[in-house]
Amino acid sequence: MKIAIERRPYDSNLMKYLSPVLAIILTLISGGLIFMIQGQDPWTGLYTFFILPVSDSYGWSELGVKAAPVLLCAMGLSVCYRANIWNIGAEGQLLMGALIGSWAALSWMDSSSSWVLPAVLACGAIGGLLWALIPAVLKNHFNTNEILTSIMLNYIALNLLLFAVHGPLKDPHGFNFPESALFTDAVTLPIIMEGTRLHLGLILGLFAVATLWVVMAKTFLGFQLKVIGLDASAGHFAGYQQRRLAYFSLLLCGALAGLAGISEVTGPIGQLVPSVSPGYGYAAIIVAFLGRLHPVGILLASLLMALVYMGGEMGQIDLGLPLALGSLFQGMLLFYLLACDFLISYRLRIQPSVKPMAFPDTSTGVSQ
């Protein structure tokens, strides 16, 4: 007996959209089992993880704070993935946006002009864009794999940020802590809900959702990106400029990720610190696929991912569980999503072992 993988005659469109729901349900069931292994009541654990963080208005505002950077990164990644460009470098582009934008913010700390904050945000977006330009050039002109180059650049960006907060951008009056000076009000994102940390970054994320929805669904540029992603040879035959589309996808993603980074340091953090991101750029990859690369789906998936981050913190505070449990939930969600997507297109078939036929031996009259 052996197990064979067989392609299904066609993919179910219904299951394509039910797959994320099924992945979420399986993640919740597995999470309940993990809570039992940890000696916790599964219902209490799931309640603490997914309900308690948003049990009041302040919790909902924090959900928006956590969702904003993930949403911006995931929207940029969705454009890349639509074009079949596998950018894994949103985390590094976010960090470079935070680094370059923080340098600009610290340079203009003494200014109270209204143009300072938009200029700081633009510097952050440009920082992420320039960091995404590296894998774009390597892909288009040296035929390198963007998966490898973009993911390796994440670690370079992290080390550059660590160098900055331990060196040139370190606060001289910060008691030797590796962090920059606190930003002034002129370079800090305004709060959009009094008494909370909810800032303008969420509005920027929602604007990106609306804009990219129009671009991908209603413009010729969006159509070109989809064609290139589905069949590059067809796009080449139609005369589409694949290099330009690759540049556009990667640079747009880098700019949005850089905007997410500078929104974090000028928003809830208020200064440049080593822990700018708990992995928003990596989580955005899960969010993009969980949302089926659709802007509305990505928005809902971003809220779910933000809830996972908040649940991990709440589980650590209320139940004494490790903070890494949130990352475990992210991993399970991705695993179940990939498994469900695989089973949409393929099925496992058990094939019985076939014994060789016996032929008679004419010389002796005995069957063999």
Scanning the stretch 138-151 for residues that are assigned to a helix (DSSP H, G or I) and free of Cβ contacts under 8 Å to residues at least 40 places away in the same chain, which turns out least open to solvent (accessible area, probe 1.4 Å)?
-> Leu138
Can we say Leu300 is without any contact (Cβ under 8 Å) to a residue 12 or more places away in the chain, closer than 25 Å to Ile192 by Cα and part of a helix (DSSP H, G or I)?
-> yes
If Ile34 satisfies every condition in (1) open to solvent by less than 40 Å² (accessible area, probe 1.4 Å); (2) of a type in the set (Val, Ile, Thr); (3) within 17 Å of Leu303 (Cα to Cα) but one, which is the exception?
-> (3)
Being open to solvent by 40 Å² or more (accessible area, probe 1.4 Å) and either closer than 30 Å to Asp171 by Cα or in a loop (DSSP other than H, G, I, E, B) (or both) is the filter here, so list the residues in the stretch 79-98 that pass it.
-> Asn84, Trp86
Asn154: open to solvent by 10 Å² or more (accessible area, probe 1.4 Å) and polar (S, T, N, Q), yes or no?
-> no
Filter the stretch 111-126 down to residues that are open to solvent by 40 Å² or more (accessible area, probe 1.4 Å) and free of Cβ contacts under 8 Å to residues at least 60 places away in the same chain and give me whichever is farthest from Leu77 (Cα to Cα).
-> Ser114
With Ser107, Ser19, Ser57 as the choices, which residue is open to solvent by less than 50 Å² (accessible area, probe 1.4 Å), of a type in the set (S, T, N, Q) and modelled with pLDDT under 95?
-> Ser19
Considering Gly101, Gly64, Gly76, which residue is modelled with pLDDT of 95 or more, within 12 Å of the chain's Cα centre (by Cα) and part of a helix (DSSP H, G or I)?
-> Gly76
Going through the stretch 207-234 one residue at a time, which ones are β-branched (Val, Ile, Thr), in contact with a Gly (Cβ under 9 Å, 6 or more places away or on another chain) and over 14 Å from Val296 (Cβ atoms)?
-> Val215, Val227, Ile228
Output the residues belonging to the stretch 268-308 that are of a type in the set (Gly, Ala, Ser) and either surrounded by fewer than 20 Cβ atoms within 10 Å (Cβ to Cβ) or touching a Leu at 6+ places or on another chain (Cβ under 6 Å) (or both).
-> Gly270, Ser275, Ser277, Gly279, Gly281, Ala284, Ala288, Gly297, Ala301, Ser302, Ala306
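One line per residue, one yes/no per condition, for (1) open to solvent by 60 Å² or more (accessible area, probe 1.4 Å); (2) of a type outside the set (Phe, Trp, Tyr); (3) out of contact with any Pro (no Cβ under 9 Å at 6 or more places or on another chain):
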position: Asn159; (1), (2), (3): yes, yes, yes
position: Val165; (1), (2), (3): no, yes, no
position: Lys170; (1), (2), (3): no, yes, no
position: Gly174; (1), (2), (3): no, yes, yes
position: Leu200; (1), (2), (3): no, yes, no
position: Leu230; (1), (2), (3): yes, yes, yes
position: Tyr240; (1), (2), (3): no, no, yes
position: Ala260; (1), (2), (3): no, yes, no
Residue check, Leu245 against (1) farther than 26 Å from Tyr17 by Cβ; (2) touching a helix residue (DSSP H, G or I) at 6+ places or on another chain (Cβ under 8 Å); (3) open to solvent by 30 Å² or more (accessible area, probe 1.4 Å), all met but one. Which one?
-> (3)
Filter pass, Leu323 being under 23 Å from Leu52 (Cβ atoms), open to solvent by 10 Å² or more (accessible area, probe 1.4 Å), aliphatic (A, V, I, L, M) and part of a loop (DSSP other than H, G, I, E, B) = yes
Within the stretch 129-159, track down each residue that is under 18 Å from Leu99 (Cα atoms) and among the aromatic types (Phe, Trp, Tyr).
-> Trp131, Tyr155
Leading residue by the ranking (least open to solvent (accessible area, probe 1.4 Å)) among those in the stretch 41-54 that are hydrophobic (A, V, I, L, M, F, W, C) and outside any loop (DSSP other than H, G, I, E, B) | Phe49
When you scan the stretch 162-208, how many residues do you find that are over 24 Å from the mean Cα position of the chain (by Cα), small (Gly, Ala, Ser) and not in a loop (DSSP other than H, G, I, E, B)?
-> 2
Where residues in the stretch 309-320 are open to solvent by 20 Å² or more (accessible area, probe 1.4 Å) and either touching a residue at least 12 places away in the same chain (Cβ under 8 Å) or part of a helix (DSSP H, G or I) (or both), which of them is nearest to Gly45 (Cα to Cα)?
-> Leu319
Which members of the stretch 188-219 meet the condition of being over 27 Å from Leu77 (Cα atoms), touching a helix residue (DSSP H, G or I) at 6+ places or on another chain (Cβ under 8 Å) and not hydroxyl-bearing (Ser, Thr, Tyr)?
-> Met193, Gly195
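The values are calculated or read from the model by the stated rules, or taken from the named source; none is laboratory data. In this text, all values refer to a predicted model and were calculated from it rather than measured experimentally. Using ideal geometry, Cβ is built from the backbone for each residue, glycine included, and neighbour counts are taken over all protein chains shown. For accessibility, only protein heavy atoms count, side chains too; no ligands or nucleic acids. Shrake-Rupley method; radii C 1.70, N 1.55, O 1.52, S 1.80 Å.
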